[in-house]
Amino acid sequence: MLSEKIQRALNDQLNAEFYSWYLYLAMAAYFDHLNFNGFAKWMKIQAQEEMSHAMKIYDYLNVVNAKVTLNNIGSAAKDWVSPLEVFQNVYDHEVEVTNSINKLVDLAISEKDHATNNFLIWFVNEQVEEIAIADQILGRLKFIGESHNGLFFLDHELGKRA
């Protein structure tokens, strides 16, 4: 059985993952509006991935017979000035999510909740990948600058994401 602290923290993370889904969907809408179909596809897949993260926590809470609490997820930004700004937001957001996951792991360790700690290791590893990918795309966008050809190429490349 989960402690109240762990249950509350996991529910907070669950809602944070739903917010991530909502944020990336807003970013997809921004790119769709600009006809950057590759960027939009990448963001839609990222949004689906975030939803799957939320559902992992949802399912875990149910498996351990804890209460799932769904809260308001807040509104996401609706407009950005450039793809570079979007991916700077993606990078910054993933750093925040990583910090949140790390705090959850610290809590599980302090509460001696080995099952939850084990469950969270998947998220720790996932965040390493999330930050690396966001950093790679951000680096490319910084290198590209205002190059229309570079943006076109990167849009095409990101559209290949499966």
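Each reported figure results from applying straightforward, stated rules to the coordinates on display, with no laboratory input. These numbers come from a predicted model, not from an experiment. Cβ: placed from backbone, ideal geometry, glycine included. Neighbour counts: every protein chain shown.
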Legend entry - Checking V68 against (1) surrounded by fewer than 16 Cβ atoms within 10 Å (Cβ to Cβ); (2) out of contact with any Leu (no Cβ under 7 Å at 6 or more places or on another chain), the condition it does not meet: (2)
Inset, instruction - Would you mention how many residues in segment 102-151 are assigned to a helix (DSSP H, G or I), surrounded by 14 or more Cβ atoms within 10 Å (Cβ to Cβ), charged (D, E, K, R) and in contact (Cβ under 8 Å) with a residue 24 or more places away in the chain? - result: 3
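Residue by residue, here is whether (1) closer than 27 Å to F31 by Cβ; (2) within 18 Å of the chain's Cα centre (by Cα); (3) of a type outside the set (D, E) holds:
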residue	(1), (2), (3)
I73	yes, yes, yes
V90	yes, yes, yes
H93	yes, yes, yes
N102	no, yes, yes
D106	no, no, no
S110	no, no, yes
D155	yes, no, no
A162	yes, yes, yes
Inset, instruction - Taking only segment 75-88 into account, find how many residues are more than 15 Å from the chain's Cα centre (by Cα) and surrounded by 12 or more Cβ atoms within 10 Å (Cβ to Cβ). - result: 5
Inset, instruction - Would you check which residues across segment 88-110 are farther than 15 Å from L14 by Cβ and hydroxyl-bearing (S, T, Y) and list them? - result: Y91, T98, S110
Inset, instruction - Could you please give the count of residues in segment 35-65 that are crowded, with 16+ Cβ neighbours inside 10 Å and farther than 30 Å from H114 by Cβ? - result: 10
Legend entry - Given (1) part of a loop (DSSP other than H, G, I, E, B); (2) without any contact (Cβ under 8 Å) to a residue 24 or more places away in the chain; (3) over 24 Å from D59 (Cβ atoms), number of the condition E85 does not satisfy: (1)
